[in-house]
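Quick notes on the structure that follows.
FYI, it's all coordinate maths here, none of it is from the lab. Keep in mind that what you see is a predicted model, and the values were worked out from it rather than measured. Cβ atoms come from the backbone with ideal geometry, glycine included; neighbour counts cover every protein chain shown.
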Amino acid sequence: MAKRLQGKVVIITGAARGIGRGIALKFAGEGAKVGIFDLNEIDCLAVVNEIVMNGGESIALGGDVTKQQDVEDAVASLALRFGAVNVAVNNAAIMPSGKLHETPPDDFEACIAVNLRGAYLVNCAVLPGMISARSGCILHMSSITGILGLPGLAVYSATKGALISLTRAMSTDYAPFGIRVNAIAPGTIDSPMLHSFIEMQTDRENIRRQFDQMHPIGRVGTIAEVANVAAFLASDEASFVTGSVYEVDGGLSSKGEQPQN
């Protein structure tokens, strides 16, 4: 049976841990050649080794997603090793917490730089090749916060909402070139980002229980559940899907109410 992403060349940002790592492993298992782009070069190499040990193909692309030269160098290195990029997954993100007036300017600017500027730079680096090939797929990792605007995550929510708007705008701009652009909006996922957020809280057990209970399905999601959706969207099975936002949220966005602080 043919693998869904056989031969596709993929760059994934923030791929050294969490959801990005999960997507990288899933894509490699589906036959993709995966570029692991992350600020943490040691963890990049660890993911590459994990992929290679399981028979896949991968390359470490250490760099800062907010720096244009790092992004362009990463895309060039990936293309030199495996060929032109077919799929880009803009997953790198940071999540400062707090209401807007509680967010320091440095945190605001860093969040915009990583979550939004990073996606812009990666897209600009891969789009010329995709346009030339008249084929390609771009995935933006948004969040349910970008749809619901959950309390205490003002700037993070703003960046994730911007990625949804960017997805819709790009889908119409690049459809004539055979390029599909979609977004994934996870609910709360059992990931390092969630663990870090909970560690900063005073009542950790209660906060974790609230996260489970606020999803109608009764629990937070898994990294694998997000990676499965990403693999579908990157594959030819989703050839007529563009401009869409896939809510992988256990029904949270359909509840009709929002949790309050």
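Top mean-square fluctuation among Asn86, Asn182, Asn49, Gaussian network model of the chain, C-alpha springs under 10 Å?
Judging by the Gaussian network model, the answer is Asn49.
Mean projection of the alpha-carbon convex hull of the range 12-146 over all orientations, in nm²? Mind dumping the intermediate values first?
Values: hull surface 33.7 nm².
Computing the convex hull of the Cα atoms and averaging its projections yields 8.4 nm².
If we count every other residue with Cβ under 13 angstrom of Glu225's Cβ, Lys/Arg +1 and Asp/Glu -1, where does the sum land? Don't skip to the answer; put the middle values down first.
Values: positive: Lys26, Arg219; negative: Asp190, Glu247, Asp249.
In short, -1.
Please work out the C-alpha center-to-center distance from the range 33-92 to the range 208-260 and express it in whole Å.
25
What three numbers, in Å, describe the spread of the alpha carbons of the range 67-183 along their principal axes, ordered from the longest?
Largest first, the range 67-183 extends 45, 28, 17 Å along its Cα principal axes.
How long are the three semi-axes of the equivalent ellipsoid for the range 99-163, computed from the Cα gyration tensor as the root of 5 times each eigenvalue, in whole Å, largest first? Don't skip to the answer; put the middle values down first.
On the way: eigenvalues 165, 37, 5 Å².
Rounded to whole Å, the semi-axes are 29, 14, 5.
Sequence-distant or interchain residues sharing an amide H contact under 5 Å with Ile189, placed H: which?
Under 5 Å from the amide H of Ile189 lie the amide H atoms of Gly221, each far enough along the sequence or on another chain.
In units of 2.2 N^0.38 Å, what is the alpha-carbon radius of gyration of the range 181-260? If you can, show how the numbers build up before the last one.
Numbers: Rg = 14.5 Å, N = 80, 2.2 N^0.38 = 11.6 Å.
Ratio of Cα Rg to 2.2 N^0.38 Å: 1.24.
Take the alpha-carbon centre of the range 156-204, take the same for the range 113-127, and report the distance between them in whole Å.
After rounding, the separation between the Cα centres reads 13 Å.
Using the Kirkwood radius over C-alpha pairs as Rh, can you work out the diffusion coefficient of the chain via Stokes-Einstein at 25 °C, viscosity 0.890 mPa s, in µm² per second? All intermediate terms of the calculation are to be shown ahead of the outcome.
Working: Rh = 18.4 Å.
For these conditions, the coefficient is 133 µm²/s.
Could you sort the peptides 168-177, 36-45, 6-15 by per-residue average Cβ neighbour count (10 Å cutoff), highest mean leading? Intermediate values should be presented prior to the final figure.
On the way: 168-177: 14.8, 36-45: 20.9, 6-15: 24.4.
My ranking of the peptides, most packed first, is 6-15, 36-45, 168-177.
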